[in-house]
Amino acid sequence: MKVAAIASWILGLGCGLPAVPAIQHFAAGGEVWTFMGFPTYGDGPFEAVGLGTTVALLVAFLAVCVAEVVIGALLWAGRRSGVALSFGLLP
């Protein structure tokens, strides 16, 4: 359970932390934020839909990342609810 908790934290923080400046950049300028020369959370099928949809999708992705960090805390504490929530978040 401890290994799963650490993996959950790495996933949640590793993908979630860059989402915050990506959301701010896209909302302010309407273009995808690039980090070290690579586009973050962009160049996909939703980019052509428009600003409102893309920002909402990025915020939803950030919420999933936050949930992943919470699940990691539950797994670290040995709570069985963390296991159930991790399977629920998987799809």
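The values are calculated or read from the model by the stated rules, or taken from the named source; none is laboratory data. Here the structure is a predicted model, which is why all the values come from computation and not from measurement. Using ideal geometry, Cβ is built from the backbone for each residue, glycine included, and neighbour counts are taken over all protein chains shown.
Table for the structure above
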quantity: Members of the range 55-91 found to be small (G, A, S), surrounded by fewer than 17 Cβ atoms within 10 Å (Cβ to Cβ) and part of a helix (DSSP H, G or I), listed by number; calculated: A56, A60, A63, A73, S81, A84, G88
quantity: Selection status of L89, under 18 Å from the mean Cα position of the chain (by Cα), modelled with pLDDT of 85 or more and within 30 Å of G30 (Cα to Cα); calculated: yes
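Each row is one residue, and each column tells you yes or no for (1) surrounded by fewer than 16 Cβ atoms within 10 Å (Cβ to Cβ); (2) closer than 17 Å to L85 by Cβ; (3) at pLDDT 85 or above; (4) not small (G, A, S).
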| residue | (1), (2), (3), (4) |
| --- | --- |
| A4 | yes, yes, yes, no |
| W9 | no, yes, yes, yes |
| G30 | yes, no, no, no |
| F35 | yes, no, no, yes |
